[in-house]
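Shown next, in structure tokens, is the structure this report addresses.
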Amino acid sequence: MNVSPLAGKPPEQNIPISTARLVSASYTGIPGAMVPGEEVAFGTSVNRGSFSFYTDRDPHSILTKSAGLLHPDRYLQVAILFLLQNQALLAKTSAVGKTVNTRQLIDCIAAKPNRKMCNVHVESKRFDVGLPGGSLCFGAGESAGVSFPGLNVSVWTIDKNRFIHPLLSAGFAATIGMDPGKLYINPTKEYVEPFYDRLEAKATPGQKEKLKNLSSTEIKHKELADENMDSILIKAPGNNTPIGGVKVVTINTWVATGPSGTEDIYEIYAESFLKKDYLKRINNEVQAIVYAPLYLN
């Protein structure tokens with residue numbers, strides 16, 4: 001993907017904007033989930049000196065002064081870190097919720113102040129069970145969808161492109177004098193930054209239905225990238241509901257796959273705390289793992 005030299009920079013007032021071109025690029029280009037150069041491929045729009053969004057076909061990044069574009073998954077980690085460090089705003093016994101395909105570093109951040117984790121399937125990303133009653137203090141979904149309780153006990157739900165992210169970022173600066181970009185450095189210094197990728201593979205409607213209803217007994221493999229599989233999840237441990245696919249977890253890696261709700265593909269989410277080269281291998285192996293159930297049965 002070709003990246004404009006203007007990408008990631010404040011807009012110049014004398015440069016006209018081609019709305020048709022931007023819309024076309026947004027729907028036809030697919031940037032790499034964690035490729036810095038491709039995160040800004042469609043340009044940015046920002047009020048100078050403030051926090052704003054960069055939006056592409058799916059992920060929604062936060063534009064910060066200190067670090068430029070902060071990937072949405074990284075922003076979720078920062079938001080949870082900030083809120084847990086200011087626990088006066090949160091019930092002491094409440095857990096942190098996230099969907100099963102959201103980054104593992106959130107679990108590490110929540111563990112430090114002894115917060116329990118509640119991992120749920122993707123369709124539960126609004127966390128309507130847990131947040132109103134106070135058993136959850138935050139709900140995170142992949143690509144920066146978040147839900148959390150307000151001070152008046154009402155629940156805020158933001159599915160990616162809403163104003164609460166820049167407002168919360170302003171809260172970082174006002175409370176601790178740091179913007180999200182600087183705050184992100186803290187957890188990665190302590191926990192080693194994991195490598196993450198998100199891919200997709202073609203699937204017919206029938207194959208998507210098979211993947212959605214996959215059972216753990218259909219998974220015949222015992223290892224993933226030379227590591228023993230610690231668990232094969234068909235149901236989300238947080239609410240015991242089907243995840244609509246499968247998640248495989250090892251000591252240093254996890255990979256989740258499930259059918260797209262809108263396209264004839266299935267999506268693969270993979271994360272490893274080892275090295276980036278593992279991601280390609282993991283993505284190849286998970287396709288081999290689901291090959292028999294999808295194509296041979």
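The values are calculated or read from the model by the stated rules, or taken from the named source; none is laboratory data. Every value quoted in this text rests on a predicted model; they were computed, and no experiment measured them. Neighbour counts run over all protein chains shown; Cβ positions are idealised from the backbone, glycine included.
Annotation note: of Thr262, Thr250, Thr241, the sole residue that is among the β-branched types (Val, Ile, Thr) and over 21 Å from Gln104 (Cβ atoms) is Thr262. Among the residues making up region 245-289, those that are closer than 14 Å to Gly206 by Cα, surrounded by 18 or more Cβ atoms within 10 Å (Cβ to Cβ) and not aromatic (Phe, Trp, Tyr) are Gly245, Gly258, Pro259. Can you name the residue in region 180-205 that is under 12 Å from Leu70 (Cβ atoms) and modelled with pLDDT of 80 or more and, of all such residues, is surrounded by the fewest Cβ atoms within 10 Å (Cβ to Cβ)? This residue is Lys182. Criterion applied to Asn119, Asn114 was being over 16 Å from Tyr196 (Cβ atoms) and in contact (Cβ under 8 Å) with a residue 60 or more places away in the chain, and the one residue passing it is Asn119. Against the list (1) more than 18 Å from Met117 (Cα to Cα); (2) hydroxyl-bearing (Ser, Thr, Tyr); (3) in contact (Cβ under 8 Å) with a residue 24 or more places away in the chain, the condition Thr253 fails is (1). Flag: Ser143 matches the condition of being polar (S, T, N, Q) and at pLDDT below 75.
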